[in-house]
1. Residue 90: which aspartates and glutamates have alpha carbons under 13 Å from its alpha carbon, excluding same-chain residues fewer than 8 sequence positions away?
2. Could you list 211, 354 in order of exposure, starting from the residue whose Cβ has the fewest other Cβ atoms within 10 Å?
3. Okay, helix-only estimate at 222 nm for the chain: each DSSP H run of n ≥ 4 adds -39500 (n - 2.57), divide by all residues, round to 500 deg cm²/dmol; what do you get?
4. Please flag any cysteine in the chain that has no other cysteine's Cβ under 4.7 angstrom from its own Cβ.
5. Based on the Kirkwood radius over alpha-carbon pairs, what value in µm²/s does the Stokes-Einstein equation return for the translational diffusion coefficient of the stretch 238-304 at 4 °C and 1.567 mPa s?
6. Let me know the charge dipole size of the stretch 237-367 about its Cα centre in debye, to the nearest 20, where only the beta-carbon of Lys, Arg (+1) and Asp, Glu (-1) is charged.
7. At 37 °C and 0.692 mPa s, grab the translational diffusion coefficient of the stretch 307-514 from Stokes-Einstein with a Kirkwood Rh over Cα pairs, rounded to a whole number in µm² per second.
8. Over the stretch 238-304, what is the relative contact order in percent, taking alpha-carbon pairs closer than 8 angstrom and at least six residues apart?
Amino acid sequence: MATSASEGSIPSTAASSIPAAAWYALFILTAANALNYADRQIVSILAQAIKADLHLDDADLGFILGTAFAVFYSVVGIAMGRISDMLPRKKVMAFGTALWSTMTALGGASTNFTMLGAARLGVGVGEAVANPCGHSLVADIFPQRNRAVALSLLMTGVFIGQVAALVIGGWFLQNWKDVCASVPYAGACAIPGWKAALFAVGLPGLPVALLLLTLREPARVQKDRGGTFSILFTEFAAALPPFTLLMIGREGGQRALIRNLMLAAATIVVAGALMHWTGDRAQWAATGLGFYAIVTWAQVQSYRDAPLFKLTFGDRTFQTAVSAAALMGTMGGTVAVWAAPYAIRTFGIAPGKLGAMLATVNICGSIIGVVSGGFLTDMWKRRDARAPVGIGAIAVLGMVPAIIFMLNAKTPALFFTGSFILALFLSFWSGSTAAMVQDLVLPRMRGAAAAAYSLIAIVVGSGFGPYWAGKVSKMTGSLNSGLLSILVLAPVSLLLLWLTSRRLPTQTPEARLAIARAAGEPV
């Protein structure tokens with residue numbers, strides 16, 4: 001494939017002023033990003049109604065809230081980063097938007113756990129295209145002097161989508177019975193509010209997908225990597241079983257293939273044992289797939305790009321840093337995603353009011369946390385290279401009392417206060433950790449390092465945390481106990497941060513470059 005561009009493409013850096021087409025593209029991409037996060041987050045506010053209507057237990061609900069979406073989002077996301085560099089991004093983005101929107105709406109047609117779980121898997125597959133395609137397009141469309149502002153505006157879609165999910169979901173749960181009669185569909189009032197909410201947030205994505213096709217994509221000069229099918233097969237073969245076996249055999253030979261088959265067999269045995277012990281087949285099948293995908297992708301990189309492997313999966317500093325971040329995200333993110341059903345059960349708050357209040361405190365806390373955490377990291381890092389680890393430790397030590405306070409609150413006001421504090425500390429470390437991951441690799445590896453970090457964090461955090469809390473809740477009969485049990489990760493997180501801090505001062509750019517060159521990086 002030669003150059004993927006259409007005539008009249010937006011000049012990426014040469015223009016003296018930013019054309020209107022660039023702002024139009026940013027608006028459409030931001031709208032798609034908002035729908036991305038709205039479709040992703042809405043099940044949190046709907047969880048209690050879904051549980052009652054489909055007769056689920058909390059372990060099932062934990063799978064719906066986290067694992068069903070997270071594992072396939074992460075696994076497909078491995079391939080999407082490279083695919084977005086080789087195929088027309090607006091077409092890939094449009095396809096993904098149409099897919100996740102359709103699967104969200106189909107979730108509203110679900111009548112059992114299997115149907116809803118399959119729909120959420122589809123949402124994860126579709127949404128995996130959003131970040132690589134959206135970020136890459138904005139970076140090409142806007143000149144360097146305006147790129148940070150443009151990407152920041154794109155990321156406002158995250159907050160808009162999260163707010164929309166809580167507000168729209170809460171509104172439908174509380175008001176659908178009163179307004180359904182005015183809907184021009186005879187059977188509207190027979191649809192539960194949670195199903196109507198999924199239709200409402202899912203269907204708008206279809207016209208947005210069509211609008212994405214109207215964008216003018218900047219020209220990109222590319223190496224000939226074959227046709228579309230060849231590109232898709234090659235990249236997905238590195239991530240999706242059983243095609244991974246073909247990639248491993250081609251890249252690493254017979255010995256590598258045997259090792260990967262042994263890994264697959266061990267994963268099947270362990271996942272099968274956990275299925276038998278817990279009875280939760282979907283959870284452990286998905287978790288096993290996620291674990292196998294992570295290790296296999298690392299194995300593929302060790303053959304395709306040895307310097308990248310040596311600085312990421314093969315490096316102890318990277319391992320402990322990313323593992324600590326994954327556990328920190330698991331601890332805070334699990335409580336955050338269960339906050340809405342917990343508040344409904346504990347305080348009986350009306351869903352409409354709950355959605356508005358959670359949206360308000362989460363956004364305020366997150367903005368304050370991410371800005372103050374980034375500012376403090378930059379100041380601290382001038383004197384001590386271990387600053388990102390220190391910020392992470394502060395976040396852990398802040399999240400623990402916030403979670404305890406939140407889950408022992410006797411009034412809604414105290415609960416929302418705890419939610420605000422949790423949101424602040426949950427976002428406090430995100431920027432510093434992402435920057436630390438980037439510092440551990442060479443410039444050409446930054447996209448792959450970010451993908452590896454996101455893969456591990458999402459599979460561990462969203463793929464396991466919500467289920468863990470739900471399973472403990474099911475076993476003990478107390479969601480409070482299930483959420484508090486997640487705090488056992490706090491000392492493990494601090495230990496991993498301490499191990500990272502011992503090595504971090506020696507991880508200078510010169511030292512990282514030397515490691516890469518020893519692995520074959522060209523001088």
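1. The reachable aspartates and glutamates, counting only those whose Cα sits under 13 Å from residue 90, are 140, 217.
2. Exposure proxy ranking, most exposed first: 211, 354.
3. The per-residue figure over the chain is -26500 deg cm²/dmol.
4. By the Cβ distance rule, which asks for a partner under 4.7 Å, the isolated cysteines are 133, 364.
5. It diffuses with D of about 107 µm²/s by this estimate.
6. Values: 9 positive and 4 negative charges, 12 e Å.
In debye, rounded to 20, the stretch 237-367 gives about 60.
7. Stokes-Einstein gives a translational diffusion coefficient of 186 µm²/s.
8. So the answer I get is 44 percent.
Just so you know, all these numbers are worked out from the coordinates, no wet-lab data involved. Remember, it's a predicted structure, so these values are computed and weren't measured experimentally. Glycine also receives a Cβ, built like all others from the backbone with ideal geometry; neighbour counts cover every protein chain displayed.
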